[in-house]
Amino acid sequence: TVETKPAQNRATVRREAKIAIVGSGFAGLGMAVQLRQRGETDFVVLERADEVGGTWRDNTYPGAACDVQSNLYSFSFAPNPDWPRSYSEQPEIQAYLENTAARYGVYEHTVFGADVTAARWDDDAHQWIVLTTAGEFRAQVLISAAGALADPTYPDIEGLRSFEGELMHSARWDDAVDLDGKRVGVIGTGASAIQVVPAIQPQVESIAVYQRTAPWIVPRSDRPVKRSAQFLYRHLPLFQKAVRGLLYVFRELLVVGMTKRRRLLEPVQKVARAHLQRQVRDPKLRAALTPNFTIGCKRILISNDYYPAVAAPNAELVTSGIAEVRPHSVVTTDGVERPTDVLVLATGFHVTDLPIAEKIRGRDGRTLAQVWEDGMVTNRSTTVAGFPNMFLLVGPNVGVGHTSMVYMIESQVAYVDQALQVIDGEGLAALETTPEAQQAYRELIADKSKGTVWLAGGCASWYLDKHGHNSTLWPDFTFRFRKMLSAFDRENYVGVPAGRELE
Ligand code: N01
């Protein structure tokens with residue numbers, strides 16, 4: 001057995017459990033709660049950090065907030081009537097996740113400081129052997145909820161390692177770094193950068209924003225939630241449910257433009273263009289901030305304060321590429337050297353090259369990453385042939401750029417839970433999907449992705465893998481994803497009764 005976090009829970013967790021869940025972000029928590037609700041308690045949650053929360057725990061940079069309204073970006077089983085703003089900031093979301101974990105008894109299953117270093121399927125014992133920094137665990141079922149926005153990418157820029165000022169990735173913010181009066185450089189202009197730049201710009205002496213590709217930005221309609229609304233949410237849960245439903249439907253309409261009729265994105269692009277026009281007066285700066293691809297090809301960003309921050313007297317938008325980083329400066333390809341005290345890398349995450357995929361080895365000894373060399377293949381985004389009793393949450397083609405990931409996570413959790421009940425109900429030692437089901441799903445994704453703005457919008461993004469395939473996004477309405485996962489497709493799986501080998 002191993003002690004769980006002393007401050008939060010008093011339990012001990014067995015090193016051999018029926019189910020091991022990797023990660024305790026939205027996906028891991030959602031899965032753990034589902035198991036508890038069904039009365040399944042023989043599981044362990046392996047968490048590398050010292051708190052639950054996943055990417056919301058890790059992204060503490062100033063200005064970190066969600067760009068999906070909280071009424072939608074929350075668990076359906078745990079509506080929160082007390083969200084203070086329509087779009088919550090990181091501390092509120094993190095507090096919500098910690099509360100949820102406490103309320104539903106997840107802490108007592110969680111081992112903190114357990115970073116998975118390797119996991120391998122033992123075909124004789126029909127078990128996963130999971131090696132972590134907190135020792136070895138064994139489980140019949142492995143559920144990876146490690147997430148896609150878990151491991152930051154550090155750009156391959158010459159001299160970056162030689163930088164002697166403060167260097168931090170947006171996803172690994174260090175509060176101890178004092179920004180007052182400092183010359184700051186921010187590399188990247190994605191969702192993270194456009195939040196951190198306005199949050200720190202008033203405080204620093206100067207800020208240089210290194211932009212490789214200008215993003216599309218639309219206005220953010222954020223406001224405090226009125227007390228009357230909170231009152232209604234608390235006493236009339238159906239009202240909050242209705243608001244959630246409306247938000248869901250409204251956002252879902254965007255999918256039509258992204259996947260089927262790109263012309264429907266034109267009004268959205270117009271709104272973004274007008275937003276830029278209104279907020280940036282200088283024509284030269286405006287031109288530099290104007291994207292050169294169709295809106296939606298990359299994630300559409302929302303902000304009211306990014307453009308004003310970049311247009312501020314102490315800010316500079318740098319569009320020349322970075323040639324090298326020196327110990328105290330950044331040099332661009334036009335030969336300009338900018339003295340820099342603090343360098344912020346808002347350069348994103350390993351999404352199409354998931355680090356966890358290098359650690360999990362299936363029946364034939366190959367890692368998921370090796371099996372996925374030609375592209376990430378799965379059955380219904382959740383299971384992989386050759387990896388018995390393994391389930392992926394927030395794996396390939398589950399991402400959504402327009403709506404709440406929590407909806408997708410809950411769809412997957414329900415599917416995995418059904419699979420677990422099949423394993424129990426049929427007394428199986430192992431359950432594994434077929435290569436044929438995988439191939440069919442691959443074709444379905446390729447077919448649905450054809451002509452989408454992500455492939456045809458004229459941009460490069462992390463939505464596509466190195467082969468140019470959409471391996472991250474669900475290319476259709478999200479209710480279709482839910483429908484697809486609503487019933488476990490038993491016919492696409494081979495079950496191994498206890499005591500037998502998989503053919
Ligand atoms: O990362 P990104 P992010 N030299 O990969 C640039 C979620 N999220 O952390 O566009 C120079 O989107 C890169 O340039 P380019 C959300 O799903 C959500 O911002 O590739 N620049 C780009 O500008 C989001 O999509 C919220 O040309 C380099 C930036 O770095 C995802 O997280 C908030 C470079 C990376 O953008 C990731 O967003 C924050 C280099 N070598 C994040 N390498 C919500 O509100 C990279 N770049 C919910």
Pick from ARG212, ARG281: which is open to solvent by 70 Å² or more (accessible area, probe 1.4 Å) and over 30 Å from PRO155 (Cα atoms)?
-> ARG281
Hey, does the stretch 184-201 have a residue that's more than 28 Å from the chain's Cα centre (by Cα) and either within 9 Å of the ligand (Cβ to nearest atom) or at pLDDT 95 or above (or both)?
-> no
Restricting attention to the stretch 326-347, which residues are open to solvent by 20 Å² or more (accessible area, probe 1.4 Å) and either on the phi > 0 side of the Ramachandran plot or away from the ligand (no atom under 14 Å from the Cβ) (or both)?
-> ARG326, PRO327, HIS328, ASP334, GLY335, VAL336, GLU337, ARG338, PRO339, ASP341
Quick one: is THR378 crowded, with 17+ Cβ neighbours inside 10 Å, within 16 Å of the ligand (Cβ to nearest atom) and polar (S, T, N, Q)?
-> no
Taking helices (runs of 4 or more DSSP H) that do not extend beyond the stretch 228-296, which have at least 3 residues that are within 26 Å of the chain's Cα centre (by Cα)?
-> 237-255, 266-279
Matching residues in the stretch 156-173 - criterion: being charged (D, E, K, R) and either near the ligand (Cβ under 9 Å from one of its atoms) or surrounded by fewer than 17 Cβ atoms within 10 Å (Cβ to Cβ) (or both) | ASP156, GLU158, ARG161, GLU164, ARG172
Return yes or no: is SER320 surrounded by 22 or more Cβ atoms within 10 Å (Cβ to Cβ), assigned to a loop (DSSP other than H, G, I, E, B) and either polar (S, T, N, Q) or within 16 Å of the ligand (Cβ to nearest atom) (or both)?
-> no
Residue by residue through the stretch 376-427, note down the ones that are more than 21 Å from TYR463 (Cα to Cα) and of a type in the set (Val, Ile, Thr).
-> VAL413, VAL416, VAL422, ILE423
When ASN292 is evaluated against the numbered criteria (1) closer than 24 Å to SER221 by Cα; (2) loosely packed, with under 15 Cβ neighbours inside 10 Å; (3) touching a residue at least 40 places away in the same chain (Cβ under 8 Å), which criterion, by number, is the only one it fails?
-> (1)
Condition test on LYS270, is it open to solvent by 30 Å² or more (accessible area, probe 1.4 Å), more than 28 Å from THR452 (Cβ to Cβ) and modelled with pLDDT of 95 or more?
-> no
So the helices (runs of 4 or more DSSP H) completely within the stretch 21-127 holding 2 or more residues that are away from the ligand (no atom under 16 Å from the Cβ) are 26-38, 90-103
State all residues of the stretch 143-201 that are touching a strand residue (DSSP E or B) at 6+ places or on another chain (Cβ under 8 Å) and charged (D, E, K, R); if no residue qualifies, say none.
-> ASP151, GLU158, GLU166, ARG172, ASP174, LYS182, ARG183
For LEU236, state whether it is more than 16 Å from the ligand (Cβ to nearest atom) and closer than 19 Å to ASP82 by Cα.
-> yes
Selection from the stretch 352-370 of residues that are among the aliphatic types (A, V, I, L, M) and surrounded by fewer than 21 Cβ atoms within 10 Å (Cβ to Cβ) = ALA369
Examine the stretch 142-150 for a residue that is surrounded by fewer than 22 Cβ atoms within 10 Å (Cβ to Cβ) and within 16 Å of the ligand (Cβ to nearest atom), and state whether such a residue exists.
-> yes
Name every residue in the stretch 208-219 that is under 27 Å from LYS182 (Cβ atoms) and part of a loop (DSSP other than H, G, I, E, B), in order of residue number.
-> GLN211, ARG212, THR213, ALA214, PRO215
ALA119 meets each of (1) surrounded by fewer than 21 Cβ atoms within 10 Å (Cβ to Cβ); (2) over 30 Å from GLN211 (Cβ atoms); (3) of a type in the set (Gly, Ala, Ser) with one exception, condition (1)
Subset tally (residues that are in a loop (DSSP other than H, G, I, E, B) and within 19 Å of GLY28 (Cβ to Cβ)) for the stretch 142-161 = 7
Residues (on the phi < 0 side of the Ramachandran plot, within 16 Å of the ligand (Cβ to nearest atom) and either touching a Gly at 6+ places or on another chain (Cβ under 7 Å) or among the β-branched types (Val, Ile, Thr) (or both)) located in the stretch 348-365 | VAL351, THR352
Filter the helices (runs of 4 or more DSSP H) completely within the stretch 377-463 down to those with at least 1 residues that are free of Cβ contacts under 8 Å to residues at least 60 places away in the same chain and among the aliphatic types (A, V, I, L, M).
-> 435-449, 453-456
Return the only residue of SER86, SER24, SER70 being surrounded by 16 or more Cβ atoms within 10 Å (Cβ to Cβ) and either aliphatic (A, V, I, L, M) or out of contact with any helix residue (DSSP H, G or I) (no Cβ under 9 Å at 6 or more places or on another chain) (or both).
-> SER86
Hey, VAL243 out of contact with any Cys (no Cβ under 9 Å at 6 or more places or on another chain), farther than 30 Å from SER329 by Cβ and either of a type in the set (A, V, I, L, M) or open to solvent by 30 Å² or more (accessible area, probe 1.4 Å) (or both) or not = yes
Among the residues of the stretch 171-200, write down those that are closer than 28 Å to VAL268 by Cα and either assigned to a loop (DSSP other than H, G, I, E, B) or among the hydroxyl-bearing types (Ser, Thr, Tyr) (or both).
-> GLY188, THR189, GLY190, ALA191, SER192
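The values are calculated or read from the model by the stated rules, or taken from the named source; none is laboratory data. If you're wondering where the values come from, they're calculated on a predicted model, not measured in any experiment. No Cβ is skipped: glycine too gets one built from the backbone with ideal geometry, and neighbour counts run over all protein chains shown. Surface accessibility is based on the protein's heavy atoms, side chains included, excluding ligands, DNA and RNA. Shrake-Rupley method; radii C 1.70, N 1.55, O 1.52, S 1.80 Å.
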